[in-house]
Each structure stands twice: as C-alpha cells, then as structure tokens.
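Beneath this line is the structure, given in structure tokens, with notes to follow.
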Amino acid sequence: MTSFAEMGVRPRTLQALQDARITTPLPIQEETIPVLLAGRDAVAEAPTGSGKTLAFLIPMVERLAGHRRDAGPRALIVAPSRELANQIGTVLRTVDKGLRVAMIYGGVGYGSQLNALRFSPDVVIGCPGRILDLTSQGKADLSKVEYLVLDEADEMLDQGFAPDVERIIAMTPGSGPNRRQTVLTSATMPSWVQRMIDRHLLEPAIIRVTTQGEPTLEHAILHMERANKVDTLSRLLRRHSGSALVFHRTKHGAKGLARDLNARGHRSVELQGNLSQNARDRAVAMFRSGQADVLVATNVAARGLDISHVAMVVNYELPETPQWLTHRVGRTARNGAAGRAFTFITNEDGEKWRKLRRLGAPELPGADTDHLLNTGDIRLIAAPPLGVIDRRPGPRPQRPGNASTFHRRRPRPSSVR
C-alpha cells in the first residue's frame, strides 16, 4: 500500500497526520490524493465512513501551503448541512491548524462569520444559502478560489440546491490559467449528477471505491401495526444495549417522537431543521458524549455525521429514496464495528416500499418482531405480503451468523471523515 509520504505529502502535513494517529491511507485516499495532487478535477464515490473528507482535504492543504495574507479565500468547500460543514472544519484543523477558516452557514448570527471573512480566510466552508447571502452583500469574494469541493454533491442537487450551486460555481474562476480545481464527492452518485460533472469539471478522474472485508451490518424489516409503532420502538430501545439513531420523515414528527420517547423514560434528543444551530449542536454533543442514548432525527443526520458509537439505526419512517436509505443505515457498522438496522413497515407503507424497491432499494429479510423484542435476537421470517401484517409465529430460527440470511454492508475502515 502506498504511504502518504510516497504520494508526495509534505513533512509538515505528515507530522500533523501522525499527531492525529492517521498513518496509513485508506483506499479512497490512496486513489484520490495522487490525482488531486497532480491538479486534476475528480469525482470521488465511496461508502460512508470511508475517508473521503481527508481524501480532498490533504491535497487542498498541500496546494494552499499555509496562510497567505490579503489573498482572499483560495479554497471553497460547499456542503448541504451545517453539521457536515462543521465536521469538515474539525477535520481540517487536525491537518493544518495554520490555515484560516471561515465557517459560513445559516441558523446563526452574522457577526462571527463576517469577522472571519475580514481576516483573510484561506478556506471558506459553508452551505449554499448563506454563501450566496454573503457574496451578494459583497462580504465574500470567490474570484480567487483555486480549489472547489462540492461535498455530498448528489444531496445538494437533489434537495433543490442546484441553482444556488450553479451560481456559486459561476463566481469562481472557470477558465484561463487560474482556473479552479474542482472535486465532487458522495457515497452515491446518481446518473443525473453527470450533467453537473459535464458542465463544470474538466476531464475529471472518476474514482469509485468499494471497501472489502467481512460484513458487519445486520439489516432487517420489522412489520407492525401503525398504532403500535411508538410502543414497538420503545421496547426495541429497552432491549438494545447501545446508542441508537432513529430517523423520522418530518421535522414535526421527529420532535413529537423524541417527546414521546422521553415520556417513556428514554434519554432522547432531537435533531431537525427547525432547531437553532445552538440547539442542534447541543443535541449532537449530548449524543456523542452519552448524555443521550437516542437521537431522533430527520435526514439532516443521514449524511456526514460521524459518530462512531451508533450501534443501531431505526428507520421509523421510510426514506424518500434508496439513496437516503443507504445514507441513513450508513451511520452504523462504521470503521469495522458491528451494527444493526431495522426498517419499520406498516400496512400503509406497502406502496411506498414497493416504489423504493423499484428504484433500487435492496431486498431485505423480515424479522420476527415479537421474538426480537422478547429476546433481543433476530429470527428471520418470510416477509408477509405488503399490506397484510402476518401475525403467525415465525419458522424455525436461523443462525444470525449465516451471511446469506442478512442484507449486509461492507465494514468501514478506521478513518477520519
């Protein structure tokens, strides 16, 4: 395996990586870093938790080569959520503490962001809305950007950010000797993203990495009556010994579900778009530290949120697309750890699940809900026809260790993402 030094990474950066106990490049880093160090545009697609953040940050740090006074922002990283933007900023500070960084996103006041922009930031990290807001006010100048990253590009385009992203790209050098270098990353790269690639990247390297190793994720469907969903979730959480991330479809629903779980004695916090940034940061901090065992969230927590101890993911409500299912479930079984995921399906969810399957969602086995809630063990059953809850006892138990009985995902090597 190629080392960071063999890729041409400077001693100063090597020391920072070593101080952070990052010594061996992961597959996505091994493939991507040399391409970006050579100055090429790139599209990097790899599973969640695979190390994509360092794959684009290390070449950026090498290109900028330290702080430069009065140069204006030389790198721009655009992310779809405040949590992901903050996480990228945290990783960047482990690689190079000397670069000045301006964090630009909504939900908080302008004061600290304007102050950061006044002091010649080398890097701007932020979300599309606030970036456009401050550029339109003349507070941020992107005309000298050398290095542009669109992180989780498919989500930004899918969520309607495409016009904003197009406007942001147009503010950066698109031609001539000072043309920017552009990087797109994601865990999924639907075909419609190709239009953005064709329009804004120049002969990009296409990098796709699938990690190898023994599978560590168990993912099964739990069938139930809609009226029993909250009680079923509460019993599942009591049977479960670790932390859990529960996904709801709506902001209002996430708020109500967290309240219901707290009323049943669970230490739960919510993460959804109606919260202030301080409240969102506080919820994530409580979940990270173990002050809360359950994080009830909308899809805002499905991307980029790197919390290593999530032992179980529950899709309380079905996601809108197969890609969201991938990203939600990707919050567990990370870095080689074992993890479980359960997707709740009621009679009313039949057509929505069939649509997800037609769009590419994986075929998942059913689990005996009562057996799971009573014992904590997964016993697989033949899935009942959608629209009919099967109350018959399940067949003879199957061994959870049989790789053919579960939908499994490959483990994520240890990484900082």
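Here, each number is a calculation from the coordinates, and none is a lab measurement. These numbers come from a predicted model, not from an experiment. As a convention, Cβ positions derive from the backbone with ideal geometry for all residues, glycine included, and neighbour counts pool all protein chains shown.
Beyond 27 Å in Cα-Cα separation lie the following of the pairs Lys229/Lys355; Lys139/Lys255; Lys229/Lys251: Lys139/Lys255.
Each of Trp324, Trp353 was scored by other Cβ atoms within 10 Å of its Cβ. Listed from fewest to most, they are Trp353, Trp324.
Divide by every residue of the chain the summed helix terms, -39500 (n - 2.57) for each DSSP H run of at least 4, and state the resulting mean residue ellipticity at 222 nm, rounded to the nearest 500 deg cm²/dmol.
Working: 15 runs with 145 residues, N = 417.
Helix contribution divided over all residues of the chain: -10000 deg cm²/dmol.
Electrostatic tally near Ser120: other residues with Cβ closer than 12 Å to its Cβ, Lys and Arg +1, Asp and Glu -1, net +3. The packing ranking, built from the mean of other Cβ atoms within 10 Å per residue, places the peptides 27-40, 77-90, 270-283 in the order 77-90, 27-40, 270-283, highest first. Think of the chain as a dipole: +1 on every Lys or Arg Cβ, -1 on every Asp or Glu Cβ, centred on the Cα centre; then among Ile197, Gly176, Pro25, Pro25 lies furthest on the positive end. Each Lys and Arg contributes +1 and each Asp and Glu -1, all at the Cβ; summed about the Cα centre of the chain, the dipole is approximately 640 debye. Only beta bridges with both residues in the chain are counted; by DSSP, about 5 percent of them are antiparallel.
For the chain, averaging the sequence separation of C-alpha pairs within contact (under 8 Å, six or more residues apart) and dividing by the residue count gives a relative contact order of 19 percent.
Loop-resident GluC sites (Glu not before Pro) (DSSP state other than H, G, I, E or B) in the range 318-377 with no more than 14 further Cβ atoms inside 10 Å of their Cβ: Glu363. Rounded to the nearest angstrom and listed largest first, the equivalent-ellipsoid semi-axes of the range 109-240 from its Cα gyration tensor are 39, 23, 15. Between the range 27-105 and the range 294-334, the alpha-carbon centres lie 24 Å apart. Taking 21 Å as the straight-line reach from the Cα of Lys97, the lysines in range (excluding those fewer than 8 positions away in the same chain) are Lys52. Remark: the range 11-208 carries a charge dipole of roughly 720 debye about the Cα centre, counting +1 on each Lys and Arg Cβ and -1 on each Asp and Glu Cβ. Taking the longest Cα principal axis of the chain as reference, the axis of helix 229-239 is set at about 80 degrees.
Ordered by the number of other Cβ atoms lying within 10 Å of each residue's own Cβ, fewest first, Arg195, Arg167 fall into the sequence Arg195, Arg167.
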